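K.L.:
Sharing a structure with you now.
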Amino acid sequence: MNRRDFFKISSSSIVLSSSTQLFAMPEDNLDQYIKDSLDYKEINIYIRDQISLKHKQCEQFSRSIINKEPLVASVDERVLLQSVSLKLKQTQKLVGYGNFNLLNLDQLFYIARNNSNIGSFTQDELKYIEKIFYTNAADYGFYGKKVTHELSDKITKAQTIKVPYTGHYLYKGEPVDMYQRLKQEVGKSIILTSGVRSVVKQLDLFLYKANKLKGNYSKAAHSLAPPGYSFHGVSDFDVGKVGLGYKNFTSSFAKTQEYAQLQKLGYISIRYPKNNPFGVRFEPWHIKV
Ligand SMILES: [Zn+2]
């Protein structure tokens, strides 16, 4: 075998990941090469070059994760983003803010179809919804876990309780118990600001945000989990200070007495702390169950 062949085989057998070896080299070829050339110096140079190549590729890979190109809707997709988003908002208005938190996909389609102001979802809109739901959130730069795996997943009212005066629901069991304990210990000035959210509700929040950000899904995913990836779908909830309004969803909440109390009592085991590795902003108001 001549030298050129050796280099061809060796470079095609470089293993870039999941191996503790820096690269794999067919030993037969190596022996053959050594016999042919008896030039160890060249082999060393070759190995050194491959090591530095691998380091460069590793660096590039981690840089591509950190500085990933944002995923932005195309012009055509913006039209779908807007039309789906509008239908979701119209449906929310029709069923009411509270009920919309638990709405499932079948119910959404049924309501839209039977209300002439909204109208059936088109095939393109359905495909778009599927695409948004089944896209790997890592493509948006969101590295949290997927907790709801099917677009058609349903949450029944029987699984939840409605928390009076909030318009929100909590899952029975640990989430309700935790909320009640927290209310008792922190006091009346703490309130549920978002509880159980169905896939439809999370889809609505995500698309609304993405639309406001000119179709930039990556930026939207930095503010909130894409549909299927929100722990509001399975257990978690948000709390705020009574009277603080929308500021409960800003860093202002972390400056309140209520937040200090929560932290002191050990309720703040934050799902997304500062500089978390999941690509999600710091959310002091989010209670992990
Ligand atoms: Zn939350």
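Read the figures in this text as sums done on the coordinates, not as results from a lab. The model shown is predicted, which means the values in this text are computed figures rather than measured ones.
K.L.:
Explain nothing, just compute: Karplus ³J(HN,Hα) = 6.51 cos²θ - 1.76 cosθ + 1.60, θ = phi - 60°, for every residue of region 183-189 in order, whole Hz, x for Gly and Pro.
P.N.:
Rounded to whole hertz, the list is 5, 5, 7, 8, x, 5, 7.
K.L.:
What are the ³J(HN,Hα) couplings of region 102-107, residue after residue, when phi is run through the Karplus curve with 6.51, -1.76, 1.60 and θ = phi - 60°? Round to Hz, x for glycine and proline.
P.N.:
9, 4, 9, 4, 4, 5
K.L.:
Students often get this wrong, so check it: of LYS127/LYS162; LYS127/LYS212; LYS93/LYS241; LYS93/LYS264; LYS219/LYS247, which have C-alpha atoms separated by over 30 Å?
P.N.:
From LYS127/LYS162; LYS127/LYS212; LYS93/LYS241; LYS93/LYS264; LYS219/LYS247, over 30 Å: LYS127/LYS162; LYS93/LYS264.
K.L.:
Give me the orientation-averaged projected area of the Cα convex hull of region 68-197, in nm², one decimal.
P.N.:
Details: hull surface 40.8 nm².
Averaged projected hull area, Cα only: 10.2 nm².
K.L.:
Out of residues 5 or more away from ALA73 or on other chains, whose amide H comes under 5 Å of its own, with H placed 1.01 Å from N in the peptide plane?
P.N.:
The list, which skips near neighbours in sequence, is ASN216, TYR217.
K.L.:
Using 0.36 nm per residue of separation minus the Cα-Cα distance, give me the extension gain between LYS157 and LYS89 in nm, one decimal.
P.N.:
22.4 nm
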